[in-house]
Amino acid sequence: MRKISFAEFGGPEVLRLVEAEEPHAGPDRIRIAVRAAGVNPVDWRIREGQVLGAHPVSLPAGVGLDAAGVVDEVGAGVEGIEVGDRVFGEGIDTYAEFAVLSAWARMPDGLTFEEAAGYPSVVETALRVLREVGVRPGQTLLVSGASGGVGSAVLQIARVRGIAVIGTAGAANQDYLRSLGALATTYDKGWVERVRHLGRVDAALDLAGSGVISELVGLTGDPRKVVSIADLGAPRWGVRFSGAAGDVRDALAEAVALISRGTLHIPVEKSYALSEAAAAHTDSRAGHTRGRRVLVV
Ligand SMILES: NC(=O)c1ccc[n+]([C@@H]2O[C@H](COP(=O)([O-])OP(=O)(O)OC[C@H]3O[C@@H](n4cnc5c(N)ncnc54)[C@H](OP(=O)(O)O)[C@@H]3O)[C@@H](O)[C@H]2O)c1
């Protein structure tokens, strides 16, 4: 089968489309024929050798955590899923024609493989940070970096829960944030004053890692009401850095319910062929993805 692999850490040019042995589903795992793989920032962070503590890698390595496809092997001990089912979920080396998943759910009706591949990691992260920041219905959450994959999920789940959101994004994404029910402002000069003008902030999420932790603490008045997923320096301000993935199966079950009710939709910014993985990484790393980028296999 064909897969994307890299033999040394580095820029997007280290990614190669290679012939490789097919993986097989061990106990408690399934194998899918991948139809689409989600491109997450962590994929290029791993390729660059940035996050090896959380994601140990032995070279040569495959790429990709998220995928959607058709089940073609079911491992020992797995129940409730059959060969031929359409699933989305998380696993390893998903930029490939076949991949083994460790967490999955059946795809809701009406979702394409391309769309489905964009959900697993962003929904797990969004549910986790909403839990950790402790924001309640009726309160207002400030989201710095609200238009990306994680931000898109946070805004929609907050709306379902009756949490008001003020989001920051680039000028091109102001209407997008409003379409997701948030108040919106840009993140350029004067943003703190513009946020104050929009209303009181009870809790805040840093999803962009753009060096705004002290401002978020100032706006909430309490470092315990701020969580970052993108700024490793956050603990210096007494702010929690959220890094450990929660329960992906529970997150997928919640995603299915929200998608089926029409209350969660992560748009696909752009689709790429498997052979264009390097371009997808370059574009993701530029830091202005609305929703998710996806490789079509
Ligand atoms: N710790 C964890 O568990 C975890 C989990 C998932 C992701 N992450 C990290 O969290 C970050 C976000 O992930 P993602 O998947 O949502 O990324 P993404 O889809 O690439 O989105 C990045 C977003 O950042 C926004 N942005 C760029 N510059 C900004 C600035 N100066 N101020 C505010 N927003 C800005 C962009 O908005 P515009 O396009 O509107 O400019 C874009 O929507 C990444 O760094 C990722 O590695 C961490």
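The values are calculated or read from the model by the stated rules, or taken from the named source; none is laboratory data. Owing to the predicted nature of the structure, the values given are computational and were not obtained by experimental measurement. A quick note on method: Cβ atoms are made from the backbone with ideal geometry, for glycine too, and the neighbour counts reach across all protein chains shown. In case anyone asks, the SASA skips ligands and DNA or RNA and just uses the protein heavy atoms, side chains included. Shrake-Rupley method; radii C 1.70, N 1.55, O 1.52, S 1.80 Å.
Between Ala99 and Ile32, Val34, the built amide H atoms are under 5 Å apart, and every one of these is 5 or more places off in sequence or on another chain.
Using a probe of 1.4 Å on the protein chains alone, the accessible area found for Ser5 is around 20 Å². Amide H to amide H, with H built 1.01 Å from N, Leu142 comes under 5 Å of Ile166, Asp202, Ala203, Ala204, Leu205, counting only residues 5 or more places away or on other chains. Relative to the compact-globule estimate of 2.2 N^0.38 Å, the Cα radius of gyration of the stretch 164-297 comes out at 1.18. Net length available on complete extension from Arg159 to Ser275 is 38.0 nm, with 0.36 nm assigned per residue and the Cα-Cα distance removed. The stretch between Arg131 and Ala171 holds 11.5 nm of extra length on full extension. This uses 0.36 nm per residue minus the Cα-Cα distance.
Calculated from the alpha-carbon coordinates, the chain shows an Rg and a Dmax of 18.9, 58 Å respectively. Residues in the chain average 43 Å² of solvent-accessible surface per residue, probe 1.4 Å, ligands and nucleic acids excluded. Taking Cα centre as origin and charging only the Cβ of basic (Lys, Arg, +1) and acidic (Asp, Glu, -1) residues, the dipole magnitude of the stretch 223-297 rounds to 300 debye.
Expressed as a whole percent, the accessible area of the stretch 172-289 that falls on carbon and sulfur atoms is 51 (1.4 Å probe). Write out the trypsin sites (Lys or Arg not before Pro) in the stretch 185-229 meeting two conditions: DSSP loop, and at most 15 other Cβ atoms within 10 Å of their Cβ. For trypsin sites (Lys or Arg not before Pro) across the stretch 185-229 that sit outside H, G, I, E and B with at most 15 neighbouring Cβ atoms in 10 Å, the list reads Lys189, Arg200. Accessible area ranking (1.4 Å probe, heavy atoms, ligands and nucleic acids excluded), largest first, for Arg240, Arg2, Arg292, Arg131: Arg131, Arg240, Arg2, Arg292. Using the alpha-carbon positions of the stretch 116-231, Rg (one decimal) and Dmax (whole number) come out as 12.6, 38 Å. Accessible area per residue (1.4 Å probe, heavy atoms of protein chains only) ranks Val129, Val78 as Val78, Val129, with the largest value leading.
Heavy-atom accessible area, probed at 1.4 angstrom with all protein chains present, ranks His197, His265 as His197, His265, highest first. Once the C-beta distance of Ala7 and Arg224 is scaled by a Förster radius of 30 Å, the resulting FRET efficiency is 0.10 to the nearest 0.05.
Relative protection proxy for 176-184, 151-159, from highest mean packing down: 151-159, 176-184 (other beta-carbon atoms within 10 angstrom).
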